[in-house]
Amino acid sequence: MCGIVGFWNLNNSPVSKQALACFTDALNHRGPDGSGFYIDSSANVGLGHRRLAILDTSESANQPMSFGNERYWITYNGEIYNFLEIKLELMKVGYSFKTDSDTEVILAGYDYWGEDCQLKLNGMWAFAIWDRVERKLFLSRDRFGVKPLIYYSDEKHFAFASEMKAFLALDWFQPQFDYAMIALALSNERMVEGNERCILLGLRNLLGGHCLTLLSGEKPRLRRWWNTLDHLESAPQAYEAQAEHFRELFLDACRIRMRSDVPIGTALSGGLDSSSVLSGMHFISNSTGAKRDRIAGDWQKAFIMTYPGALIDERKYADEMVMHTGAQPVYCTADANSYMDHFDEVLFHLEAISDIHFGPWQIYKTQRENGVVVTMDGHGGDEVLGGYPWYLAPAIRDSVSRFSLSRVIDLTSTLRGLDPFPGENFYLKSIEKFFGGQKNDRRHSWLQIQPADFVFPSMDLDLASLEDKNHLFKSMYVDFHFAQLPTVLRNFDRLSMAHGVEVRAPLMDWRLVCFMFSLPSASKIGGGFTKRILRDSLHDILPESIRTRKQKLGFPNLMEAWTSPRSQEFMCDLVNSMEFQQFPVWNGKKIKDELPIAIRNQNSQQLHKVWVYVQAFSLTNLFTKRKHLLSQSPASELKNLER
């Protein structure tokens with residue numbers, strides 16, 4: 001897991017070592033263990049790398065790394081979990097290796113299979129390979145977009161990086177905000193990360209399951225190399241057989257993700273997904289052959305976020321898992337002041353218009369402080385297993401269309417059981433938020449700019465292929481590939497890598513994902529439970545109190561983050577500023593007039609909307625400030641701003 005950058009000066013200007021170093025070091029938080037550079041002066045190409053050393057921590061595994069008599073050079077961010085198996089396969093056909101890293105395996109695989117090597121890889125990645133012979137630059141992003149890759153392309157320059165903020169270090173890049181994308185983020189955050197456009201003009205997301213090839217004198221060629229619909233399988237008819245196969249896939253996904261030469265841990269919420277991952281780690285560590293498989297011996301630390309006195313606190317469930325697995329708990333706490341104390345810092349690293357997710361940020365910070373740089377977490381579980389409450393609506397719709405009264409009753413009961421705070425309308429509010437609010441949602445009426453369209457050609461093609469699928473399948477498929485999950489992955493990548501911590505997610509193993517999308521709806525939601533097959537497959541691994549727990553919280557934010565007196569004072573100061581008033585995306589006067597009413601009525605929903613607008617405004621200020629500081633004194637000011 002690292003930070004990667006690179007550029008190709010298409011206007012034939014030579015590569016500046018200082019410019020490449022500044023570009024690379026803009027991502028030093030992603031790779032605090034070292035930096036490396038490669039320049040091909042004959043082609044005006046430069047690659048940079050900030051290293052987070054996890055597999056083969058020796059200097060021989062530093063990047064950019066070369067292969068094939070220095071024909072190929074790679075800068076790579078991610079982990080290939082099945083690299084040992086691929087390495088053995090390549091050795092059988094004559095390849096030899098100088099390192100124990102997965103990086104060298106990618107290079108050998110690219111040399112042998114070409115671009116088809118992507119299909120061999122089981123992992124998360126974003127990498128760029130420069131071919132000195134063909135003068136070809138090849139960029140690849142993993143199947144589901146776990147690892148980020150952003151690029152810029154015009155007639156003079158092609159550049160790429162792991163994060164938007166890195167581009168600010170380039171002298172020729174002048175940040176201009178895409179106001180339509182900011183408006184889209186404010187109207188529906190879920191439509192941003194799956195979009196090719198970014199909030200900075202000129203920057204583009206290389207989307208999950210896509211690759212890009214650039215040859216001299218040509219325009220970048222994009223190709224979709226992965227489509228989940230092409231890899232669905234014939235699942236067993238019997239539910240018991242389905243559960244058995246799911247168990248095998250899940251435990252193997254955990255096993256290969258425990259491969260590490262440094263300590264690993266887990267972020268434990270006490271919910272089903274994170275508890276399942278910790279239980280899987282515990283089960284695997286007690287199995288024979290773990291040491292021979294590069295399984296980390298130090299895996300026992302579980303990091304638990306607590307909110308003392310708050311309804312969202314789940315410590316008692318996390319403590320049950322600690323007792324069950326013998327894990328070593330490390331507790332983190334948060335209150336309303338925590339959000340304000342670190343507001344700019346978290347927002348700058350998140351570089352997105354979203355809630356300030358302080359809880360995960362603090363968890364990963366604490367992990368790093370405790371010597372843990374790899375964390376095994378439960379991301380992707382809700383999207384692939386049907387865990388969100390809004391999935392009950394399409395499931396019920398499917399059942400009504402089949403005139404299945406018993407299933408409708410079962411699903412209705414399941415929805416009621418999900419609510420952790422009976423009588424608080426917790427999930428009614430979350431469903432309203434998910435769908436963009438109700439008609440009286442003033443967040444939309446504040447906008448003065450038409451939101452950008454959601455542009456994802458692959459989704460349009462897939463929707464045509466999904467016509468024969470039921471509503472639940474369609475809803476989960478779109479969430480997983482284009483909407484909800486890309487947003488979650490972006491947030492957790494930025495929040496973890498802010499501290500140089502790598503997140504691994506067993507529930508996102510491509511084999512498991514394809515299997516789950518091949519199963520009938522009742523295997524995912526049924527018998528009064530969401531995530532039915534996960535619960536049943538781990539019946540002897542999970543504690544019953546966790547396995548049969550119906551209430552769902554996830555990783556929520558404290559409502560006090562935007563309702564406390566300190567937060568309200570902060571919002572008032574910004575909303576009343578001339579800069580906020582004149583920002584072209586929204587009607588600043590209207591927000592200014594309505595904020596005091598929301599404070600007087602303690603309207604938490606309305607205050608939250610202002611909170612998000614304030615974050616959008618603050619983010620643009622942070623980016624503008626960073627560019628100014630870099631233009632004054634790149635090296636020193638960059639470090640000051642990072643702190």
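Structure data summary
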quantity	calculated
The listed residue being in contact (Cβ under 8 Å) with a residue 24 or more places away in the chain and farther than 26 Å from Lys552 by Cα, out of Leu251, Leu201, Leu222	Leu201
Strands (runs of 3 or more DSSP E) lying entirely in region 64-163 (those with 1 or more residues that are β-branched (Val, Ile, Thr) and within 30 Å of Val488 (Cα to Cα))	72-80, 123-131, 150-153
Of all residues making up region 98-134, the number that are under 19 Å from Asn227 (Cα atoms) and aliphatic (A, V, I, L, M)	4
Region 256-274 residues that are free of Cβ contacts under 8 Å to residues at least 40 places away in the same chain, paired with ones that are crowded, with 23+ Cβ neighbours inside 10 Å (beta carbon under 6 Å, 6 or more apart)	none
Residue match in region 41-48 (condition: on the phi > 0 side of the Ramachandran plot and either among the hydroxyl-bearing types (Ser, Thr, Tyr) or in contact with a strand residue (DSSP E or B) (Cβ under 9 Å, 6 or more places away or on another chain) (or both))	yes
Yes/no for Asn28 being modelled with pLDDT of 95 or more, among the polar types (S, T, N, Q) and more than 25 Å from Lys165 (Cα to Cα)	no
Any hit, region 276-286, residues being under 27 Å from Ile54 (Cβ atoms), surrounded by fewer than 21 Cβ atoms within 10 Å (Cβ to Cβ) and without any contact (Cβ under 8 Å) to a residue 24 or more places away in the chain	yes
Subset tally (residues that are part of a loop (DSSP other than H, G, I, E, B) and either of a type outside the set (A, V, I, L, M) or not assigned by TED's automatic domain parsing to the domain that holds Ser274 (or both)) for region 528-549	8
Those residues of region 539-551 which are in contact with a helix residue (DSSP H, G or I) (Cβ under 6 Å, 6 or more places away or on another chain) and either β-branched (Val, Ile, Thr) or surrounded by 21 or more Cβ atoms within 10 Å (Cβ to Cβ) (or both), in sequence order	Ile541, Leu542, Ile546
Positions within region 1-30 being β-branched (Val, Ile, Thr), in a loop (DSSP other than H, G, I, E, B) and closer than 23 Å to Met124 by Cβ, in sequence order	none
Residues of region 319-344 classified as in a helix (DSSP H, G or I) and in contact with a helix residue (DSSP H, G or I) (Cβ under 8 Å, 6 or more places away or on another chain), total	11
Candidate set from region 1-38 (those that are surrounded by 23 or more Cβ atoms within 10 Å (Cβ to Cβ) and among the β-branched types (Val, Ile, Thr)); member that is farthest from the chain's Cα centre (by Cα)	Thr24
Some residue of region 173-189 being surrounded by fewer than 24 Cβ atoms within 10 Å (Cβ to Cβ), closer than 17 Å to Ala21 by Cα, out of contact with any helix residue (DSSP H, G or I) (no Cβ under 6 Å at 6 or more places or on another chain) and not aliphatic (A, V, I, L, M)	no
Qualifying positions in region 209-225 - crowded, with 16+ Cβ neighbours inside 10 Å and in contact with a helix residue (DSSP H, G or I) (Cβ under 7 Å, 6 or more places away or on another chain)	Cys211
Lone qualifier among Asn44, Asn82, Asn62 - being buried (at least 16 other Cβ atoms within 10 Å of the Cβ), more than 30 Å from Leu629 (Cβ to Cβ), in the same structural domain as Arg135 (by TED's automatic domain parsing) and in contact (Cβ under 8 Å) with a residue 12 or more places away in the chain	Asn82
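The values are calculated or read from the model by the stated rules, or taken from the named source; none is laboratory data. On a predicted model such as this, the values are computed, not experimentally measured, just so you know. Note: ideal-geometry Cβ built from the backbone for every residue, glycine included; neighbour counts use all protein chains shown.
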